[in-house]
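Here the structure comes first, spelled out in structure tokens, and everything after it is commentary.
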Amino acid sequence: MGRTIKIGIIGSGGIAGVHARTYKDIEDVEIVGVADIFPGRADHFIENWGLQQAVGFDDHRKLLELDLDGVSICTPNAAHYKTTLDALHAGKHVMVEKPMSVTLEEAVGMVQASKEADKMLNIGFQPRYDPNMGLIKELVQSGQLGKVYYVETGGGRRRGMPGGTFIRQEISGAGAMADIGCYSLDFALNTLGYPKPLTVSAYTSNHFGTNPKYHPEADRFDVEDFGVAMIRFENDIVLNFKTSWAMHMDSLGATMFLGTDAGLKVLPKSQGPWGGVWDGHVGAVSLFHDIQRHHTESVIPLIEHEIDVFAEKIRDFVRALREGGPAPIPGEQIVRNQAILDGILRSSQTGREVVIDIPDF
Ligand SMILES: NC(=O)c1ccc[n+]([C@@H]2O[C@H](COP(=O)([O-])OP(=O)(O)OC[C@H]3O[C@@H](n4cnc5c(N)ncnc54)[C@H](O)[C@@H]3O)[C@@H](O)[C@H]2O)c1
């Protein structure tokens with residue numbers, strides 16, 4: 001038996017339930033408080049999840065007065081920055097849901113605050129816990145592809161637009177690119193060892209979300225439902241990134257890594273109108289290479305597993321809390337992911353390529 005790890009949850013909507021369920025399952029972890037800005041929602045969540053020992057708050061700053069080891073931030077994207085900063089300033093370790101923030105400036109501020117407070121800033125990208133994602137990274141990092149110079153990734157839902165807090169720019173910051181695109185970016189960048197992005201040229205649109213034929217909340221929809229971007233990185237790598245919540249097409253194509261010695265093609269497992277995006281489950285991986293000058297495609301066997309990637313990300317955060325760090329998926333790294341999302345919004349607004357400038361930490 002270890003000492004009891006005390007947790008607070010800020011934002012008690014959909015994803016907070018996954019956090020609560022897992023914390024409850026871990027021995028010697030106690031959820032001692034929940035905060036939600038919507039009056040009464042935190043109390044309702046506490047009752048719903050049987051967290052008798054927890055106290056509910058309408059203001060996250062009150063929650064942060066409690067004795068807590070770590071905080072799960074499960075608010076809509078636009079509130080990630082303020083709640084994370086308040087939690088770090090209150091001396092708590094933070095696990096914030098994806099995407100990290102809305103702007104690059106916010107992401108940089110969050111990393112700086114975690115350094116100043118000497119507290120962990122961990123970002124909740126659960127697909128990292130799929131062993132097949134690890135297998136792909138190992139393969140690319142092994143050098144078998146030679147020098148990787150071109151990557152293509154993204155995911156296209158034919159029709160999978162959320163509603164509620166996800167479609168208002170003032171609450172979500174952005175649409176499909178931030179909501180599901182951040183996963184593809186994390187997959188590609190983590191596989192490459194998170195190279196530094198230098199420039200972005202992007203286009204975004206919202207022809208589906210704003211059309212009542214396709215979305216029941218079309219009158220309040222003001223984020224992008226489609227986007228495409230060309231991103232240049234250090235070490236002479238380019239990335240073609242595209243994401244859709246809705247389109248008249250079955251797929252935006254495979255993820256591919258082109259190298260001087262071989263190419264790798266990766267397909268996601270999920271299919272159907274809401275499928276085709278990176279959610280932590282790999283469908284197929286093949287290596288394209290030459291053997292004795294013959295063009296060869298080798299199918300890479302996948303690792304069979306029953307890992308609950310959502311639960312694993314919470315467990316890893318708790319492990320890090322017990323061991324005193326480091327953050328399993330550090331803000332310092334994900335700031336590069338956020339920098340691309342920020343660059344996409346800036347570039348699509350101006351119709352020009354923009355430069356990405358990330359300070360050294
Ligand atoms: N990792 C995943 O697979 C995954 C899945 C879904 C959502 N998410 C992310 O989780 C976050 C929340 O998504 P959701 O689906 O749970 O949204 P949601 O709208 O269901 O819940 C958000 C809750 O936060 C509350 N809230 C808003 N501002 C607040 C503030 N300042 N302080 C306290 N509470 C506040 C709202 O009242 C609401 O109850 C988003 O960033 C989203 O991108 C991640």
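All of the numbers you see were taken from the coordinates with simple rules; none came from a lab. Source: prediction; values computed, not measured. Here the Cβ is made from the backbone with ideal geometry for all residues, glycine too, and neighbour counts use every protein chain on show.
Structure notes:
- Entry remark, the range 330-350: residues being over 18 Å from Gly175 (Cα atoms) and among the small types (Gly, Ala, Ser) number 1 in total.
- The condition of being out of contact with any Leu (no Cβ under 7 Å at 6 or more places or on another chain), aliphatic (A, V, I, L, M) and more than 15 Å from the ligand (Cβ to nearest atom) holds for only one of Val108, Val151, Val102, Val140, that being Val108.
- Any hit, the range 213-228, residues being of a type in the set (Val, Ile, Thr), in contact with a helix residue (DSSP H, G or I) (Cβ under 6 Å, 6 or more places away or on another chain) and farther than 20 Å from Phe125 by Cβ: yes
- The conditions of being within 13 Å of the ligand (Cβ to nearest atom) and out of contact with any Phe, Trp or Tyr (no Cβ under 8 Å at 6 or more places or on another chain) are met by Tyr129.
- For the range 6-21, the tally of residues that are away from the ligand (no atom under 11 Å from the Cβ) and surrounded by fewer than 22 Cβ atoms within 10 Å (Cβ to Cβ) stands at 2.
- Checking His44 against (1) under 22 Å from the mean Cα position of the chain (by Cα); (2) more than 9 Å from the ligand (Cβ to nearest atom), the condition it does not meet: (1)
- From the options Val299, Val266, residue that is surrounded by 17 or more Cβ atoms within 10 Å (Cβ to Cβ) and not small (Gly, Ala, Ser): Val266
- Selection count, the range 201-238, where residues are buried (at least 16 other Cβ atoms within 10 Å of the Cβ), over 20 Å from Gly155 (Cα atoms) and of a type in the set (S, T, N, Q): 1
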